[in-house]
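Here the structure is laid out as structure tokens; the discussion comes afterwards.
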Amino acid sequence: MESQLNCELNACLLRCVINASNEYDHQTLRDLGLNTVLVDRAKNMNADVFSRLSRFSIANITFDSHRFGLMLDFVEQEREMDILVNKMIQLDASQSMLGDLTGIDPREYRDRRKALNMPPASQGRPQNLDDQQTIILYEALSKYPEPKAGSSTNDMLNWYCQLGAETELPLAKIWQQNLNFG
């Protein structure tokens, strides 16, 4: 008999087989190494057979450590980007800014604002900075120069967050002013 962890894994695999069969996902079934007779039997088993079968060793599972590490890196970077994008929205980044930097479309931008309990974004181009705000931005830019070309998206997002926190100016205005400088 198998441990509780293996029982849960086996149950998950059995559900995967049944779902793949129901969805006619023949590639998954081939990848699992199952023939049509076994798939039909698995699909037609009752709850008692399912429960009992889950307790036996039915699969050998191994991790592709290299691929697992790469996918973990990817997911962690995506999570970090999500956190940065939310922070930028809270610092009044516009959809066009985030669209250019990260590819966020208007619907996702709107959904994120709602999830962050923020009012709908203002429409149109942001007002230009006044003279005092321009001075504040120049001082911050001298302390925090723009990341070099080819820097990661997260580096750019962090930089804008840093400028927003330092200047307390809306990121949409900083973005617009930065476009005017460049």
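The values are calculated or read from the model by the stated rules, or taken from the named source; none is laboratory data. What you see is a predicted model; the values in this text were computed from it and never measured. Reconstructed Cβ throughout: ideal geometry from the backbone, glycine too, with neighbour counts over all protein chains shown. Ligands, DNA and RNA are excluded from the accessible area calculation, which covers all protein heavy atoms including side chains. Shrake-Rupley method; radii C 1.70, N 1.55, O 1.52, S 1.80 Å.
Restricting the search to the range 145-170, which residues are part of a helix (DSSP H, G or I) and either more than 22 Å from the chain's Cα centre (by Cα) or modelled with pLDDT under 85 (or both)? I'd like the intermediate steps shown before the answer.
First, pick out the residues of the range 145-170 that are part of a helix (DSSP H, G or I): 153-167.
Across the range 145-170, the qualifying residues are L163, G164, A165, E166, T167.
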- By residue number, the members of the range 97-145 that are touching a residue at least 40 places away in the same chain (Cβ under 8 Å), hydroxyl-bearing (S, T, Y) and under 16 Å from D82 (Cα atoms) are T102
- Do you know which residues across the range 1-42 are in contact (Cβ under 8 Å) with a residue 12 or more places away in the chain and among the small types (G, A, S)? A11, A20, S21, A42
- Task: Read through the list (1) without any contact (Cβ under 8 Å) to a residue 12 or more places away in the chain; (2) open to solvent by 80 Å² or more (accessible area, probe 1.4 Å); (3) under 30 Å from N154 (Cα atoms); (4) assigned to a helix (DSSP H, G or I), then give the number of the only condition that G69 fails.
- Result: (2)
- Query: Given the conditions (1) among the small types (G, A, S); (2) farther than 21 Å from C16 by Cβ; (3) crowded, with 16+ Cβ neighbours inside 10 Å, and given that S54 satisfies all but one, which numbered condition is not satisfied?
  - Reply: (2)
- Sort out which residues of the range 128-144 are open to solvent by 40 Å² or more (accessible area, probe 1.4 Å) and either under 16 Å from A93 (Cα atoms) or within 28 Å of the chain's Cα centre (by Cα) (or both), and write them in order of number. N128, Y144
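Go through K43, K87 for me and flag whichever is open to solvent by 60 Å² or more (accessible area, probe 1.4 Å), in contact with a helix residue (DSSP H, G or I) (Cβ under 7 Å, 6 or more places away or on another chain) and more than 30 Å from A165 (Cβ to Cβ).
Answer to the selection: K43.
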